[in-house]
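See below for the structure under consideration.
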Amino acid sequence: MAKRFKWLLLLVFPLSTLAQSLQTDTLRPVLNHRPRWVIKAAPLALFDIDNTIQAGAEWLLGRRYSVQAELGYGWRGINLYPDRRDDYEKFEVWRGRAEWRRYSGRYRGFRKPHFAVPPIGRYFALETFFKQVTTLQTTTIGQECVDGTCAYFQRGTFPMYRTVWGIHAKFGRQYVLTMPSDNRFLLDFFVGLGFRHLTPYRFSTTSEDVFEFTNTGLWSRHYQGILPSATIGIKLGYVL
């Protein structure tokens, strides 16, 4: 009987240890300090029509609060859309985001629910963003214009730029991707609504609006002003 009890203990102890490790889905097992930073990459930014290589960092301010900043840069050579590359001789994109977020402090996963260690769990965030697109475009412009009347028109290749800025209120959740033995990798999923402000294309040298633009669509000067905006995305993170 004693021998059977000994074998039962040898069998139950490893299983109970494994079960506890599977239920503890926090960052504590691999960090000997409270998480301070999360380094992030934004893979979906590569598929935007004005795509960029984009990365950022989240700085944890306390048990529930953090701030996050991102910077992205793109150019004609990495653009995935042939029409975009063919229509414009040269262009580059700068994109930036700044975000404040508050975590709920509660994390419910497919394992046992528990109180999470930030930066894990549901959160609410306020985000501001900025984008500038500069391009060389062959077009026709008016010269020496007064009150909408121009002395003459000139066709040539001119540097122009356009800016977009806005704000979003976002709801998201940050997940642990791996097992507790190595769970510093995170997946950040979010959705949000807000507004954005678009400026018309302006010449880089004079800051005047483009008078006439040969193309239409998203690059047209008619797309300007304040518009509703929505955002959805994922980011991959690594906790430091």
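The values are calculated or read from the model by the stated rules, or taken from the named source; none is laboratory data. Nothing here was measured: the structure is a model prediction, and the numbers come from that model. Ideal geometry is used to build each Cβ from the backbone, glycine not excepted, and the neighbour counts take in all protein chains shown.
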Which pairs have Cβ atoms under 9 Å, sit 6 or more apart or on different chains, and link a residue in region 134-149 that is on the phi > 0 side of the Ramachandran plot to one that is of a type in the set (Gly, Ala, Ser) and surrounded by fewer than 14 Cβ atoms within 10 Å (Cβ to Cβ)? Glu144/Ala151
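Select, from Tyr88, Tyr107, Tyr73, the only residue that is hydroxyl-bearing (Ser, Thr, Tyr), under 27 Å from Thr157 (Cβ atoms) and at pLDDT below 80.
Values: Tyr107 fails: under 27 Å from Thr157 (Cβ atoms); Tyr73 fails: at pLDDT below 80.
Only one candidate qualifies: Tyr88.
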Answer from Ala57, Ala42, Ala116 - the residue that is modelled with pLDDT of 75 or more, within 19 Å of Tyr175 (Cβ to Cβ) and surrounded by 17 or more Cβ atoms within 10 Å (Cβ to Cβ): Ala42
Output for Cβ contacts, cut-off 9 Å, separation at least six or different chains, first residue farther than 29 Å from Gly56 by Cβ in region 81-98, second outside any strand (DSSP E or B), reads Asp87/Asn215; Asp87/Trp219; Glu89/Arg76
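Find the residue count for region 80-96, including only residues that are out of contact with any Asp or Glu (no Cβ under 8 Å at 6 or more places or on another chain) and under 26 Å from Gly237 (Cβ atoms). Spell out the reasoning first.
Looking only at region 80-96, we keep the residues that are out of contact with any Asp or Glu (no Cβ under 8 Å at 6 or more places or on another chain), and these are 80-92, 94.
Going one step further and asking which of them are under 26 Å from Gly237 (Cβ atoms), we end up with 80, 94.
Adding up the residues that qualify gives 2.
Within region 49-70, can you find the residues that are more than 16 Å from Leu236 (Cβ to Cβ) and within 11 Å of the chain's Cα centre (by Cα)? Talk me through it step by step, then tell me what you get.
Of region 49-70, the ones more than 16 Å from Leu236 (Cβ to Cβ) are 49-51, 59-67, 69.
Within region 49-70, just Ala69 meets the criteria.
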In region 174-216, the residues that are surrounded by 13 or more Cβ atoms within 10 Å (Cβ to Cβ), modelled with pLDDT under 65 and within 24 Å of Ala42 (Cβ to Cβ): none
